[in-house]
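Quick notes on the structure that follows.
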Amino acid sequence: MNLSEFMRVEREGREGSRHYVVHTHDPKFSLELTPDGSAPDKMGRGVIKRIHVPNSWAGDYTKYSKYISAAQEFFAQSMAEPEAEGRRARL
């Protein structure tokens, strides 16, 4: 899985930061994650709060589990690296 197909968006709000990982190629989807407070580094691979997927995914989520795992791996890497070369956007 090519991690360059992902982008992380961080939104600041009244309730703190919200983190999204967006897959920019087909199949396009996004995850909302929160840092995993129980992980040794307090970030981990993130805890999935919400998944937004195309209608064509309905009923076949296991087929796309590799994408979701890759998105979590990207989240962990992007949180560990200081400003991951333009792959992170703060809104």
Item to check | ALA76 vs. criteria more than 11 Å from TYR20 (Cβ to Cβ), surrounded by 16 or more Cβ atoms within 10 Å (Cβ to Cβ), at pLDDT 70 or above and among the aliphatic types (A, V, I, L, M) | outcome: yes
Checklist entry - Which residues, counting only those in the stretch 1-60, are without any contact (Cβ under 8 Å) to a residue 40 or more places away in the chain and of a type in the set (Val, Ile, Thr)? => result VAL22, THR24, THR34, VAL47, ILE48, ILE51, VAL53
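The values are calculated or read from the model by the stated rules, or taken from the named source; none is laboratory data. Note that the structure is predicted; figures quoted are calculated from it, not measured. With ideal geometry, Cβ positions are generated from the backbone for all residues, glycine too; neighbour counts draw on all protein chains shown.
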